[in-house]
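**Student:** Sharing a structure here in structure tokens format.
Quick note: the coordinates plus some simple rules give every number you see, no bench work behind them. Since the structure is predicted, the reported quantities are computational estimates derived from the model, not experimental observations. Backbone-built Cβ (ideal geometry, glycine too); neighbour counts: all protein chains shown.
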Amino acid sequence: MMELNTQRMEDFKERYRYLRYFVGAAFLILFVYLWYLQVIRGSDLRQLSENNRIRIREVVADRGMLLDRKGRILAHNRPSFEVFLVPEDIRENPETLGKVGELLNLPQEEIHEKMKGLKRRPAFRPIKLKSDIDWDKLVILESNRIHLPGVVVDVRPTRAYQYGQLASHLLGYIGEVDEHELKETKDRAYRMGSMIGKYGVEYEWEAHLKGVDGGRQIEVDALGREIKPLRSVESFPGNNVFLTIDYDLQKVAEEAYQNRNGALIAMDPRSGRILAMVSKPSFDPSAFARSITAEEWKALLEHPFHPLQNKGLQGQYPPGSVFKIVTAIAGLETGAITPETQMTCTGAIHYGNRDFRCWKEKGHGTIDLHRALAESCDTYFYQVGLKVGVDAIAHYASELGLGQKTGITLPHEKSGIVPSTSWKKKRFGVQWYSGETLSFAVGQGYLNTTPLQILTLISAVANGGKRFLPQVVEHVENIYGGKLKEYSPVETGRADISEKTLRVIQEALMAAVNEPRGTGGGAALKDVKVAGKTGTAQVIKMAANFKKGDMNRMPLKFRDHAWFAAYAPFEHPQIAVAVLVEHGGYGGAAAAPIAKKVFGKYFDIEASAPVKTEETIEEEVYD
Amino acid sequence: MIDRRLFIHFDWALMGMVLFIALFGILNLYSVTSNGETVGTPIYMKQMIWLAIGLAAMLVIAFVEYRYYTDFAYIVYVTAVVLLIIVLGYGIITSGAQRWVRVGAIKFQPSEFVKISLILALAKFFQSSPGREGYSLKHLGYPFLFVFLPMILILKQPDLGTAIILLLVFLSVLIFVKVRWSSLITLGVMGVSLVPLVWRFLKDYQKRRIITFLNPDLDPLGAGYHLIQSKIAVGSGGIFGKGFMKGTQCKLGFLPEQHTDFIFSALGEEWGLVGCIVVVGVYLLLILWGLRIAVGSKDRFGAVLSFGVVAMLFWHTFINIAMVLGLMPVVGIPLPLLSYGGSFLISTLIGIGLLLNVSMRRYLF
């Protein structure tokens, strides 16, 4: 038999005496409080419950504004009148449904659909029937209020975007929370029907923008009319988010696209701050804020040129000749070539058993690296590629930020692809063919990049090899103007490339824009020296019967994408731009002029900005 | 092994009190969930099935001589903790917290069974006597490990309510087994100084609930709202209540979790002060009865074991009712035998089984 340990059982007896009293006292508290609630306050509380007349009204907080770097408002809130139904009051007065449907021109099925979808919600909480009703309807509703028990009209802030579609991909949009988001944000104050950021800055800075909703508990009469407030808490507006973009520059960039598609991002290469971010086609973000209709949504989704995609960071394209920058750097850094290395271009090179053509059919003749980059000679870089090899090029591509996300705080950034021998082995299980190196060296083939990566690349070339985290928000302020958060530049890496090499590249890029036979002449400015590289990304392998130069005869969707990546001024770069025009044809013809407009505007702003030192102010006064 | 004398000494009074509350609970659930919106098996039916399973488990637990349990105490404890780890890794997430494990077609909450296994482990540990002066801090290394390991795992789920219960049961047992006063005071000081640290560990919604409790005007639509509505429900019952099936407050969905954590408000609304006093009175009797079983036990293991169960019942009951009446912050602690929930009902009845076990063997050894 097991041992029974019976030592010092008297300890327990001693404690038992006190514990009994403790338990007794605890329960006494419960009894006394029960008596207080049910006897002393019983009749009060019974009245509240019997009439069952407590209603909740949410007081939605104003969402924080989005402003540009100079404090110009891009997104704000405007009041909108919204119609709600209180199911509990409707139940007693079902005829209301018919009347309100008639007044608002809403089919009965739609109303029932809305009421049905919310079965598990408490019956006393209002359901939104229609938002943003116009003035006439409001007057009719208000004057018929006595006949419409259970209908509540409330003013709520609605998101408004000052300039319509301007920077729509950057700003993003908001919409009603879905079930998944409700689950995700359980410990925050979202309810069915709350608005939440879904895309862009509206999504990423949601926590700052949201504000704190308030609410009122009110007592209503049998017709659902407000008798007196029981309790009320004020809402508190969200914080204002100041973006890094400049409205004027953004506007010029957007307009430069006219009706073409593609993406443009401009950045300060010294800090990574984004100055403009365009993606075309754009969309109307306010359509989402006032709850988008099914047709509108379908049209956006089925649009052939993907308006909901921020192509600057979600679109992946072969960089074409822009990539020759990387091939050149790889050649110089590995010692496979020197700036003086000369090669001959006859318009094509025969390798394996096929011809690799240069874009210039007549050929460039015998040229050095400087001319090859400036005139974008394919043949030259085919040969450099063969000398350097795929993996060395891939190495420098990664050093310059390709094949990886930049880490920008915007949703759905893509990482692109930088192929290498090991990548191909892993991806396809076969070895790399040296013929593929030729395509790779001129930015075609498996290589895929986002415009933002190309921007990072050109910025690194401009600033001596530094990679900055691209940032779209400069700071966040509360409504009193106090700074809550400031985003300072973040250097995410430094390419291991010698200054000498970079200098050679920089000068060649300057030549590409400013020398007679350069491909980027379309971006040349009178007062400021621009340096840049054009590119043309093949959409399909050139069909034999379409000779190069016949682009305009091709159907739009098969035409090449046009690239241009550039920075300015050449001596002390302040702005870098990556331009992509989808199906735009040649980079020099389609993309470079867009960059020119952006540079022009940028330096125009810089020049016209009054430099108000104390001296100039005094001069003004005494002038 | 089963002695005829066991039937003579079977604790019919305890059994009676438990059955009274449990059946009253089913009746109450029937009323609360009768607004006809549930799909599938009605909630009260499910609860009846759980009750049947629980009662069977209770009787099995009661009739196996409890001294055999000493051999398995630590094994049971380790198993329960492992299950908690599994929950964190593979558990089912419902409304933001990860508390469930699925075995075949059955889902259960290991955190419920951790309570019983902690009590078993503590009983086994405190089986050996400390000597005349009582335990001091240096004896208490293992017991602290016993409680903090599952507590941390449960807080990660997150389930603040159950973690609080574990801590309170543990502290109650410390007092019962006679820990030196100097040690208790040291513990108290340490505990208070840990409060800021724990505060940082809490989730935002938990912080908000505590802040709301301290200042209910802050959030009239959220946690503060529940408190008001719960009070209105209980208070509106008055002295005699609105009558069975006649409550309005709970059925209209004014209260969240009306059939789990807030079940008592429905009882208060329909049965009034009279009903409340009867039910709360039976709880009081049950707990005092349990305390007597604990001190009447023939050995240390039985005493600590039954005391642990009583402490668990007491804290659950007291905190839940105090919360429903608005005397305490809203923490997810259900009411034993009344709240809906299979794992909780069964683990409560297993605890009762242990109590019955100790009770009917006090004359045998």
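**Student:** Compute the Cα gyration tensor for the protein assembly as shown, then decide on rounded, prolate or oblate, letting a ≥ b ≥ c be the square roots of its eigenvalues: rounded whenever a/c is under 1.5, prolate when a/b is larger than b/c in the other cases, and oblate in all that remain.
**Tutor:** Prolate shape, in that a/c is at least 1.5 and a/b is the bigger ratio.
**Student:** Positive end of the charge dipole of the protein assembly as shown (Lys, Arg +1 and Asp, Glu -1 on Cβ, about the Cα centre): tell me which of A:373, B:66, A:437 has its Cα farthest that way.
**Tutor:** My answer, from the dipole projection, is B:66.
**Student:** Rounded to the nearest 20 Debye, what is the dipole magnitude of chain A about its Cα centre when Lys and Arg each give +1 and Asp and Glu each give -1 at the C-beta?
**Tutor:** On the way: 81 positive and 78 negative charges, 360 e Å.
Magnitude of the dipole: close to 1720 debye.
**Student:** For helix A:95-104, what angle does its Cα long axis make with the longest principal axis of chain A, in degrees from 0 to 90 and rounded to 10?
**Tutor:** 30 degrees
**Student:** Same structure again: Starting from the Cα-Cα distance between residue A:350 and residue A:526, subtract it from 0.36 nm times their residue separation and give me the gain in nm to one decimal.
**Tutor:** Length gained, residue A:350 through residue A:526: 59.2 nm.
**Student:** Listing A:143, B:31, A:279, A:498 from the residue with the fewest other Cβ atoms within 10 Å to the one with the most, what is the order?
**Tutor:** Going from least to most buried by this count: A:143, A:498, B:31, A:279.
**Student:** About its Cα centre, what dipole magnitude does the range A:254-313 give when the only charges are +1 on Lys and Arg Cβ and -1 on Asp and Glu Cβ, stated in debye to the nearest 20?
**Tutor:** Charge dipole, the range A:254-313, about its Cα centre: 240 debye, nearest 20.
**Student:** Another question, if that's okay. Under a Cβ-only charge scheme (Lys and Arg +1, Asp and Glu -1), can you give me the dipole magnitude of the range A:360-428 about the Cα centre, in debye to the nearest 20?
**Tutor:** With only Lys, Arg, Asp and Glu charged at Cβ, the dipole is about 340 debye.
**Student:** Between the range A:472-503 and the range A:241-286, how far is it from one alpha carbon centroid to the other, in angstrom?
**Tutor:** Result: 18 Å between the Cα centres.
**Student:** Within 11 Å, Cβ to Cβ, of residue A:492, how many net charges do the neighbouring residues add up to if Lys/Arg are +1 and Asp/Glu are -1? Walk me through the numbers on the way to the answer.
**Tutor:** Values: positive: A:405, A:466, A:467, A:494; negative: A:491.
Local charge sum for residue A:492: +3.
**Student:** Rounded if a/c is under 1.5, else prolate if a/b beats b/c, else oblate: with a ≥ b ≥ c from the C-alpha gyration tensor eigenvalues square-rooted, which is the range A:467-520? All intermediate terms of the calculation are to be shown ahead of the outcome.
**Tutor:** Numbers: a/c = 5.79, a/b = 2.28, b/c = 2.54.
Cα axes put the range A:467-520 in the oblate bin.
**Student:** Another question, then. Could the peptides A:166-172, B:72-78, A:92-98 be put in order, highest first, of the mean number of other beta-carbon atoms found within 10 Å of their residues?
**Tutor:** Details: A:166-172: 25.9, B:72-78: 16.3, A:92-98: 14.3.
Ranked from most to least packed, the peptides come out as A:166-172, B:72-78, A:92-98.
**Student:** Another one. Averaged over its residues, how many other protein chain Cβ atoms are within 10 Å of peptide B:296-306's Cβ atoms?
**Tutor:** Counting Cβ atoms of other protein chains within 10 Å of each residue's Cβ and averaging gives 4.
**Student:** Let me know the mean shielding of A:25-31 by other chains, meaning the per-residue number of their Cβ atoms within 10 Å of its Cβ.
**Tutor:** Across the residues of A:25-31, the mean count of other-chain Cβ atoms within 10 Å is 6.
**Student:** What does the charge count near residue A:406 come to, summing +1 for each Lys or Arg and -1 for each Asp or Glu among other residues with Cβ under 11 Å from its Cβ?
**Tutor:** In short, +2.
**Student:** Now, a different point. Of the options B:16, A:170, A:364, report the single residue whose Cα projects farthest towards the positive end of the charge dipole of the protein assembly as shown (beta-carbon charges: Lys, Arg +1; Asp, Glu -1).
**Tutor:** B:16
**Student:** Which whole-Hz ³J(HN,Hα) couplings does the range A:376-393 yield from phi under the Karplus relation 6.51 cos²θ - 1.76 cosθ + 1.60, θ = phi - 60°, glycine and proline marked x?
**Tutor:** Couplings: 6, 6, 5, 4, 4, 7, 4, 6, 4, x, 5, 5, 7, x, 5, 5, 5, 5 Hz.
**Student:** If packing is taken as the mean number of other Cβ atoms within 10 Å per residue, what is the order of B:133-139, A:32-38, highest first? Each step should come with its number before you reach the end.
**Tutor:** Numbers: B:133-139: 14.6, A:32-38: 18.7.
By packing density, highest mean first, the sequence is A:32-38, B:133-139.
**Student:** Let me ask you something else. Just checking the output field for B:325-331: average partner chain Cβ neighbours within 10 Å of each residue's Cβ? It would help to have the intermediate numbers written out before the result.
**Tutor:** Values: counts 7, 2, 3, 0, 0, 0, 0.
The mean count of partner-chain Cβ atoms within 10 Å per residue comes to 2.
**Student:** Filter B:138/B:298; A:183/A:210; A:387/A:529 down to the pairs with a C-alpha to C-alpha distance above 21 Å, please.
**Tutor:** With Cα atoms farther than 21 Å apart: B:138/B:298; A:387/A:529.
**Student:** Once the piece of chain linking residue A:9 and residue A:110 is laid out straight, how much longer is it, given 0.36 nm per residue of separation minus the C-alpha distance between them?
**Tutor:** So the chain would gain 29.0 nm between residue A:9 and residue A:110.
**Student:** Taking the alpha-carbon distance from residue A:311 and a cut-off under 19 Å, which lysines remain once sequence neighbours fewer than 8 residues away in the same chain are dropped?
**Tutor:** A:198, A:251, A:280, A:405, A:414, A:557
**Student:** Moving to a separate point now. Using a 10 angstrom Cβ neighbour count of at most 10 plus a DSSP loop assignment to flag exposed trypsin sites (Lys or Arg not before Pro), which longest range of chain A is free of such sites?
**Tutor:** Counting at most 10 other Cβ atoms within 10 Å as exposed, the longest clean stretch of chain A is A:121-361.
**Student:** If you don't mind, another one. So which lysines can residue A:128 reach, going by Cα to Cα under 18 Å and dropping same-chain residues fewer than 8 places off?
**Tutor:** The reachable lysines, counting only those whose Cα sits under 18 Å from residue A:128, are A:99, A:114, A:116, A:119, A:137.
**Student:** In addition: Could you please rank B:227, A:301, placing first whichever residue has the fewest other Cβ atoms within 10 Å of its Cβ? Before the final figure, lay out each step's value.
**Tutor:** Values: B:227 23, A:301 10.
Ranked by crowding around the Cβ, least crowded first: A:301, B:227.
**Student:** Next question. With a sphere of radius 14 Å drawn around the Cβ of residue B:54, what net charge do the other residues whose Cβ falls strictly inside it have (Lys, Arg +1; Asp, Glu -1)?
**Tutor:** Around residue B:54, the charge tally is 0.
**Student:** Going toward the positive end of the dipole of the protein assembly as shown, with +1 on Lys and Arg Cβ and -1 on Asp and Glu Cβ, which of A:577, A:393, A:65 do you reach last?
**Tutor:** A:393
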